[in-house]
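J.: Below you'll find the structure I mean.
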Amino acid sequence: MPDVVVVGAGPAGLTLANLLQRNAVDCVVLEARDRSHVEERQRAGVLDHYGGQIFERAGLAGEVLAGAPVETFLELRYEGEPHLLDAPALAGGRAGRIVPQQLLVRRLLGTFLAGGGDLRFGVRDVALHDLTSTPSLTYTDASGSHRIECAYVAGCDGFHGVSRRSIPADELTTYTFDHGIGWYTVLADAPPPRYPLMGIGAKGFAAHFARGPKASRFYLQYRPGAEDPRAWPDDVTWAELRDRLGDPGLPGGVITEREIVEMRSFVAEPMAYGRLFLAGDAAHIITPMGAKGMNLAIADADVLAGALTSALRGDDAALRAYSDVCLRRTWDYQEFSRWFTEMVHDMDGDPFRRRLAKARFDRLFTNKAAAVAFADMMAGVSAAPGYRRH
Ligand SMILES: Cc1cc2nc3c(=O)[nH]c(=O)nc-3n(C[C@H](O)[C@H](O)[C@H](O)COP(=O)(O)OP(=O)(O)OC[C@H]3O[C@@H](n4cnc5c(N)ncnc54)[C@H](O)[C@@H]3O)c2cc1C
């Protein structure tokens, strides 16, 4: 019987599995999709400084971060006028790394398997049982039906997974917030920008981020309900990007993926029920503004790995604090993401909100304290178990 069953092999589940393996905790990972699907899913692109430290502390930096460029400037173009922010310097040298999510996942997966890890792909009908007493999971695969008992279950199966749904509704409080903005994202075989780039202006938000040496992810704000930008011809997409990024010479390329990103936030409290602990998108989703989704997943997994290891050695204090510790950071990041969203989007063309957003933007480039506070959140924060007054 394994000590822990981890449901889901995304950033949260694979970080947790590797950290448990390093601590000699026996775990099994169950993943619904096949290996190539998991390894090729392209989403986030930045591991913040705090996330990098998690892998360094665990002795996994060599495997996970090799060759990953360090973040430098962030470029914000206001109506085409460039402004560079040296966030790592403002954060006292705490730089993030450019690591496409699929590369991070591929490396974590390889490391776990090379260490003898038990990862079962293509499982179906996963069900969680007896979570408040002696947990077990059932699932089916090509060879039939299976049942595993364990001491603890880690629900790392994303927003649509089975783990959170296994908690009785009256045991959870959920918070959902629709940011009222549409985001259209495309992946393209197009050269990456020199620095992560955001265009701000009356025509709406646009962004351009690297996804490897020859690929880019672009984002465009659109009006939800009024149009479906996935139907835009490619030349319309490129024209909008050139216009909003203030770069008529922006090179185009083959668009390989078109997606609508729901600009929605969600938090479920608490992140635990009996012997089930939720981590990552299973417990919370955050808009991509501020690039914190994958980082929150990894930070949760780090806290959970330490807490489970201690509990299995006889001290469950950290496990009892797990949900509070992770929720504190989750709400900090939700607030940061919303703050950032309001600064860079044209909110329904409302002139008052546009002026507020401009005041926020100007303060970032004229007030050192404001810039340092921003850079601190970009670098990532450690979780504090409660409020400490300054
Ligand atoms: C287009 C897009 C852009 C994004 N950009 C950014 C960004 O720039 N920066 C950032 O930090 N974040 C970004 N995110 C968010 C980030 O990708 C997620 O926060 C991150 O993937 C969460 O990791 P996770 O491990 O919690 O969940 P997931 O990555 O969703 O992994 C969950 C895993 O569980 C598996 N699973 C699901 N159900 C079951 C089941 N019943 N049984 C077994 N396995 C199951 C899934 O197949 C999956 O492998 C973006 C997301 C999207 C969609």
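J.: Quick check on my filter: what residues within the range 261-308 are within 9 Å of the ligand (Cβ to nearest atom), part of a strand (DSSP E or B) and under 30 Å from Pro233 (Cβ atoms)?
T.: Across the range 261-308, the qualifying residues are Val261, Glu262.
J.: Restricting attention to the range 123-154, report how many residues are within 12 Å of the ligand (Cβ to nearest atom), in contact (Cβ under 8 Å) with a residue 60 or more places away in the chain and exposed (fewer than 14 other Cβ atoms within 10 Å of the Cβ).
T.: Result for the range 123-154: 1.
J.: In the range 36-51, is there at least one residue being within 27 Å of Arg313 (Cα to Cα) and either free of Cβ contacts under 8 Å to residues at least 24 places away in the same chain or crowded, with 24+ Cβ neighbours inside 10 Å (or both)?
T.: From the range 36-51, those within 27 Å of Arg313 (Cα to Cα) are 50-51; that's our starting set.
Those still in the list that are either free of Cβ contacts under 8 Å to residues at least 24 places away in the same chain or crowded, with 24+ Cβ neighbours inside 10 Å (or both) too: 51.
Yes, the range 36-51 has at least one match.
J.: Given the residues Arg244, Arg217, which is the only one that is of a type in the set (D, E, K, R) and at pLDDT 95 or above? Reasoning before the result, please.
T.: Values: Arg217 fails: at pLDDT 95 or above.
Being of a type in the set (D, E, K, R) and at pLDDT 95 or above holds for just one of Arg244, Arg217, which is Arg244.
J.: Can you confirm whether the range 24-37 contains a residue that is in a loop (DSSP other than H, G, I, E, B), near the ligand (Cβ under 9 Å from one of its atoms) and either out of contact with any strand residue (DSSP E or B) (no Cβ under 9 Å at 6 or more places or on another chain) or within 19 Å of Ala114 (Cα to Cα) (or both)?
T.: So far as the range 24-37 goes, yes, one or more of its residues are in a loop (DSSP other than H, G, I, E, B), near the ligand (Cβ under 9 Å from one of its atoms) and either out of contact with any strand residue (DSSP E or B) (no Cβ under 9 Å at 6 or more places or on another chain) or within 19 Å of Ala114 (Cα to Cα) (or both).
J.: Considering each residue of the range 168-190, count those that are in contact with a strand residue (DSSP E or B) (Cβ under 6 Å, 6 or more places away or on another chain) and more than 26 Å from Arg338 (Cβ to Cβ), and give that number. Spell out the reasoning first.
T.: Within the range 168-190, the subset in contact with a strand residue (DSSP E or B) (Cβ under 6 Å, 6 or more places away or on another chain) is 171-179, 181-190.
Keeping just the survivors that are more than 26 Å from Arg338 (Cβ to Cβ) gives 171, 188-190.
Selection size over the range 168-190: 4.
J.: Report, by residue number, each residue of the range 135-162 that is assigned to a loop (DSSP other than H, G, I, E, B) and either in contact with a Phe, Trp or Tyr (Cβ under 9 Å, 6 or more places away or on another chain) or not hydroxyl-bearing (Ser, Thr, Tyr) (or both).
T.: Pro135, Ala142, Cys150, Ala151, Cys156, Asp157, Gly158, Phe159, His160, Gly161, Val162
J.: Could you list, in sequence order, the residues of the range 79-113 that are under 17 Å from Gly13 (Cβ atoms) and more than 14 Å from the ligand (Cβ to nearest atom)?
T.: Arg107, Gly110, Thr111, Leu113 - these are the residues of the range 79-113 that are under 17 Å from Gly13 (Cβ atoms) and more than 14 Å from the ligand (Cβ to nearest atom).
J.: Then there's this: Restricting attention to the range 225-260, report how many residues are in a strand (DSSP E or B) and of a type in the set (Asp, Glu). Steps first, answer last, please.
T.: Of all residues in the range 225-260, those in a strand (DSSP E or B) come to 254-260.
From what is left, the residues that are of a type in the set (Asp, Glu) are 257, 259.
Of the residues in the range 225-260, 2 are in a strand (DSSP E or B) and of a type in the set (Asp, Glu).
J.: What is the residue count in the range 1-28 for residues that are surrounded by 24 or more Cβ atoms within 10 Å (Cβ to Cβ) and more than 20 Å from the chain's Cα centre (by Cα)?
T.: 4
The values are calculated or read from the model by the stated rules, or taken from the named source; none is laboratory data. This one's a predicted model, so the numbers in the text were calculated from it and none came from an experiment. For neighbour counting, all protein chains shown are included, and Cβ atoms are generated from backbone atoms with ideal geometry for every residue, glycine included.
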